[in-house]
Every structure is written in structure tokens, then in C-alpha cells.
Amino acid sequence: MCHHIILTQKMCKGYLTKMGGKIKSWKKRWFVFDRLKRTLSYFIDKHETKLKGVIYFQAIEEVYYDHLRSAAKSPNPALTFCVKTHDRLYYMVAPSAEAMRIWMDVIVTGAEGYTQFMN
């Protein structure tokens with residue numbers, strides 16, 4: 001299993017670097033994907049006290065690898081992926097290729113309501 005991610009049947013947690021919405025700077029954030037609440041929340045750090053934002057499953061339209069390198073000044077273009085909602089495009093950078101694959105899989109399957117990738 002990937003050491004960058006805490007993964008259970010109900011949730012997935014770990015650090016991702018996210019591009020800001022208004023100010024296009026990159027910031028490391030602690031992400032919590034909650035299958036029961038049907039949310040992808042992000043916090044300043046893993047203490048989960050300061051909530052910075054929430055992405056609702058029903059708002060997620062697609063999740064894809066940033067193969068066009070469209071994320072401006074990504075700290076690691078090879079590990080950048082996108083989460084598209086009806087009103088915003090989130091650019092995220094994973095700490096490793098494995099972490100990126102797991103996060104993309106979890107977000108796609110969670111947003112679609114499937115759990116087949118878990119034992």
C-alpha cells in the first residue's frame with residue numbers, strides 16, 4: 001500500500017498540493033475523502049481543525065490526468081491531475097505516481113458510488 005495515503009473502506013486521507021482558486025499559488029493541503037458524507041474536504045494540515053474547502057461528490061463531473069500540462073507552474077507536472085466540478089477545475093499534485101493513481105481511482109469510484117476496488 002502507498003505510504004502517502006491512509007485508506008479505509010469509508011475514507012481516504014493524505015496530502016496533495018492544490019492550486020488556489022483566485023490566487024494561482026500552489027499549497028499543500030490535507031485531503032479527506034469521505035464516502036459516507038460524499039465529500040472531498042481539504043484542510044490546512046492533518047489535524048483537520050481548519051477546513052479550507054469541500055468538494056461534493058455530486059458536483060464532480062470528471063477526474064483526469066493533466067496530460068496537456070495545463071496547470072500553470074505545477075510543482076510536478078508528471079504527478080498533476082484534475083478534478084472538474086460544474087463550477088471549478090481543481091488542479092492537484094500527488095506526492096507519488098502510486099498516490100496519484102489511488103486518489104484518482106478513489107475520487108472516480110466514490111463520485112460514482114462504487115466500492116469494487118476495496119476488499
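The values are calculated or read from the model by the stated rules, or taken from the named source; none is laboratory data. Every value quoted in this text rests on a predicted model; they were computed, and no experiment measured them. Don't worry about glycine lacking a Cβ; one is built from the backbone with ideal geometry, like all the others, and counts go over all protein chains shown. We work out accessible area using only protein heavy atoms, side chains counted, and drop any ligands, DNA or RNA first. Shrake-Rupley method; radii C 1.70, N 1.55, O 1.52, S 1.80 Å.
Of note:
- The C-beta contact set for segment 60-78 (first residue over 19 Å from Ala99 (Cβ atoms), second residue assigned to a loop (DSSP other than H, G, I, E, B), distance under 7 angstrom, 6+ apart or interchain) comprises Glu61/His86; Ala72/Lys24.
- Qualifying position, being surrounded by 17 or more Cβ atoms within 10 Å (Cβ to Cβ), at negative phi, hydroxyl-bearing (Ser, Thr, Tyr) and not in a strand (DSSP E or B), among Ser41, Ser74, Ser70: Ser74
- Residue pairs whose Cβ atoms lie under 8 Å apart, separated by 6 or more positions or on different chains, with the first residue in segment 79-90 and over 12 Å from Trp103 (Cβ atoms) and the second among the small types (Gly, Ala, Ser) and open to solvent by less than 60 Å² (accessible area, probe 1.4 Å), are Thr85/Ala59; His86/Ala59; Asp87/Ala59; Arg88/Gly21.
- Test for Lys46: is it assigned to a loop (DSSP other than H, G, I, E, B), open to solvent by 60 Å² or more (accessible area, probe 1.4 Å) and free of Cβ contacts under 8 Å to residues at least 60 places away in the same chain: yes
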